[in-house]
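Participant: Right, I'll just put the structure down here and ask away after.
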Protein chains: 4
Amino acid sequence: MNVIVDLCLVPMGVGVSVSKYVAACHEILKEAGLKSQLHAYGTNIEGEWDEVMAAVKQCHEHVHELGAPRITTTIKLGTRNDREQTMADKIESVQQKLV
Amino acid sequence: MNVIVDLCLVPMGVGVSVSKYVAACHEILKEAGLKSQLHAYGTNIEGEWDEVMAAVKQCHEHVHELGAPRITTTIKLGTRNDREQTMADKIESVQQKLV
Amino acid sequence: MNVIVDLCLVPMGVGVSVSKYVAACHEILKEAGLKSQLHAYGTNIEGEWDEVMAAVKQCHEHVHELGAPRITTTIKLGTRNDREQTMADKIESVQQKLV
Amino acid sequence: MNVIVDLCLVPMGVGVSVSKYVAACHEILKEAGLKSQLHAYGTNIEGEWDEVMAAVKQCHEHVHELGAPRITTTIKLGTRNDREQTMADKIESVQQKLV
């Protein structure tokens, strides 16, 4: 089962600047060979459910190791079995409808 | 690694009434032996990361089997390694601070 | 337009314990006369769109005043125009389908 | 108070294809003069709180008018009073930390 994810991980107890942790997660996703795209309020990821979710877990573990005692993450998860759809397809599908 | 989750699964392409699908997910969580609590905009779950996430995946698979061609889910995920905390602890912690 | 909201406000830069801020938001919702229900990963609110949103804004402003330099909030917002539905209706609708 | 928002509006009861509704929201944001950026699982918006929230409300109203009887939306909302930060700043801040 393929999934498109929007991941927004927020380390708590480490001050206001969290870009270091987001960058560390980005490296994890890259090493996992997952297609991902950073945006201004999270990171989109596409791939096989188990691989994506293993990477998300690894992000939590690694951010704890980097010193964050607490993490709150918001994830959006999209699956469909009527047809295949990539992150690029989703964006293109909207853009075609814009004037 | 323990996790507290807020799960809000939304089947698409099956009309406006989705309580049947939410109830089916509730059964999956119960059969998985996970502590869960339904609220008006989702279900809170607490347990070991892998067990909770396996149940979430099973919810997606089962809701597709029940006929939903597309699913979009919003999850909040909380982990901490400074101390143990249950769903009940979180609520109590706020209530103690209310007048 | 009526709305049912799930509000999860996360103050950043104030350490790991945030229940004080959640309790302060709870007071704001109560003073606004909004029906609300605390759960383990947020607070459900029901009411007229403008009133609910004014209260959410007030929560952000007040939590900043209490000392949080940064806030990240996750909100779920449900509206419908086919029929009226309360938070209690949503829960009951699922519970009727449980064995 | 400035806010950076991630908006993901999901019309229910209109089938699986929702890009038409997302495109309509995009037009509303553009007409409101708000800076926005479409991504694969939502749209990022930046601006003054009241203007952004008025546009979000208008999106709900317009998507109902277009025929969706029910809408569930997930929003992330970021505010800070320690310094100004744009969507572009947030992305740049992470990218500087990537190898």
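The values are calculated or read from the model by the stated rules, or taken from the named source; none is laboratory data. Please read these numbers as outputs of a predicted model, since none were measured by experiment. A quick note on method: Cβ atoms are made from the backbone with ideal geometry, for glycine too, and the neighbour counts reach across all protein chains shown. Surface areas here come from the heavy atoms of the whole protein model, side chains and all, with no ligands, DNA or RNA. Shrake-Rupley method; radii C 1.70, N 1.55, O 1.52, S 1.80 Å.
Participant: Give me the pairs: first residue in region C:19-40 and of a type in the set (S, T, N, Q), second residue open to solvent by less than 20 Å² (accessible area, probe 1.4 Å), beta-carbon distance under 6 Å, and six or more apart or on different chains, which are they?
Facilitator: Going by the 6 Å Cβ cut-off, the qualifying pairs are C:Ser19/B:Val94; C:Ser36/C:Leu29; C:Ser36/C:Thr43; C:Ser36/C:Ile45; C:Gln37/C:Asn44.
Participant: Right, next: Do you know which residues across region D:51-99 are polar (S, T, N, Q) and touching a strand residue (DSSP E or B) at 6+ places or on another chain (Cβ under 7 Å)?
Facilitator: Pass one, region D:51-99, residues polar (S, T, N, Q): D:58, D:72-74, D:79, D:81, D:85-86, D:93, D:95-96.
Listed by number, the residues that qualify are D:Thr72, D:Thr73, D:Thr74, D:Thr79, D:Thr86.
Participant: Right, something else. Out of all the residues in region D:66-84, which are at the interface with another protein chain (Cβ under 9 Å from one of its Cβ atoms) and either at positive phi or not in a strand (DSSP E or B) (or both)?
Facilitator: Taking region D:66-84 and keeping what is at the interface with another protein chain (Cβ under 9 Å from one of its Cβ atoms), we get D:68-83.
Of everything in region D:66-84, those that are at the interface with another protein chain (Cβ under 9 Å from one of its Cβ atoms) and either at positive phi or not in a strand (DSSP E or B) (or both) turn out to be D:Ala68, D:Pro69, D:Asn81, D:Asp82, D:Arg83.
Participant: If you don't mind, another one. Please work out if C:Asp6 is within 13 Å of chain B (Cβ to nearest Cβ) and either among the basic types (Lys, Arg) or in a loop (DSSP other than H, G, I, E, B) (or both). Walk me through it before giving the result.
Facilitator: Numbers: within 13 Å of chain B (Cβ to nearest Cβ): yes; either among the basic types (Lys, Arg) or in a loop (DSSP other than H, G, I, E, B) (or both): no.
Against the criterion (within 13 Å of chain B (Cβ to nearest Cβ) and either among the basic types (Lys, Arg) or in a loop (DSSP other than H, G, I, E, B) (or both)), C:Asp6 does not qualify.
Participant: Select, from B:Val52, B:Val63, the only residue that is within 24 Å of C:Thr73 (Cβ to Cβ), buried (at least 18 other Cβ atoms within 10 Å of the Cβ), away from chain C (no Cβ under 11 Å) and touching a Leu at 6+ places or on another chain (Cβ under 8 Å).
Facilitator: B:Val52
Participant: Counting only residues that are open to solvent by 10 Å² or more (accessible area, probe 1.4 Å) and either within 12 Å of B:Ala68 (Cβ to Cβ) or of a type in the set (D, E, K, R) (or both), how many does region B:1-11 have?
Facilitator: Looking only at that region, the number is 2.
Participant: Going by what's in this entry, would D:Gly15 be described as at positive phi, open to solvent by 40 Å² or more (accessible area, probe 1.4 Å) and without any contact (Cβ under 8 Å) to a residue 24 or more places away in the chain?
Facilitator: no
Participant: While we're looking at this one, here's another question. Any residue that is part of a helix (DSSP H, G or I), over 27 Å from B:Ile45 (Cα atoms) and within 14 Å of chain B (Cβ to nearest Cβ) - is there at least one of those in region C:15-26? Spell out the reasoning first.
Facilitator: Applying the first criterion (part of a helix (DSSP H, G or I)) to region C:15-26 yields C:19-26.
Filter once more, keeping what is over 27 Å from B:Ile45 (Cα atoms): none.
There is no residue in region C:15-26 that is part of a helix (DSSP H, G or I), over 27 Å from B:Ile45 (Cα atoms) and within 14 Å of chain B (Cβ to nearest Cβ).
Participant: So, one more: Out of the residues in region C:27-42 that are assigned to a strand (DSSP E or B) and touching a Leu at 6+ places or on another chain (Cβ under 8 Å), state the one that is nearest to B:Val5 (Cα to Cα).
Facilitator: At the first step, the residues of region C:27-42 found to be assigned to a strand (DSSP E or B) are C:35-39, C:42.
Within this subset, residues satisfying the condition of being touching a Leu at 6+ places or on another chain (Cβ under 8 Å) are C:36, C:42.
Values: C:Ser36: 20, C:Gly42: 11 Å.
Selected residue: C:Gly42.
Participant: Exactly one of (1) more than 20 Å from C:Thr72 (Cβ to Cβ); (2) open to solvent by 10 Å² or more (accessible area, probe 1.4 Å) is unmet by D:Ser93. Its number?
Facilitator: (1)
Participant: Going residue by residue through region A:28-39, is there one that turns out to be open to solvent by less than 10 Å² (accessible area, probe 1.4 Å) and more than 8 Å from chain D (Cβ to nearest Cβ)?
Facilitator: Scanning region A:28-39 turns up at least one residue that is open to solvent by less than 10 Å² (accessible area, probe 1.4 Å) and more than 8 Å from chain D (Cβ to nearest Cβ).
Participant: Among all residue pairs at least 6 apart or on different chains, which show Cβ distances below 7 Å where the first residue, located in region A:73-84, is buried (at least 22 other Cβ atoms within 10 Å of the Cβ) and the second is in a strand (DSSP E or B) and among the acidic types (Asp, Glu)?
Facilitator: Note: pairs meeting the criteria are A:Ile75/A:Asp6; A:Lys76/A:Asp6.
Participant: Still on this structure, I have one more. Exactly one condition in (1) in a strand (DSSP E or B); (2) closer than 23 Å to A:Val5 by Cβ is false for D:Ile91; which is it?
Facilitator: (1)
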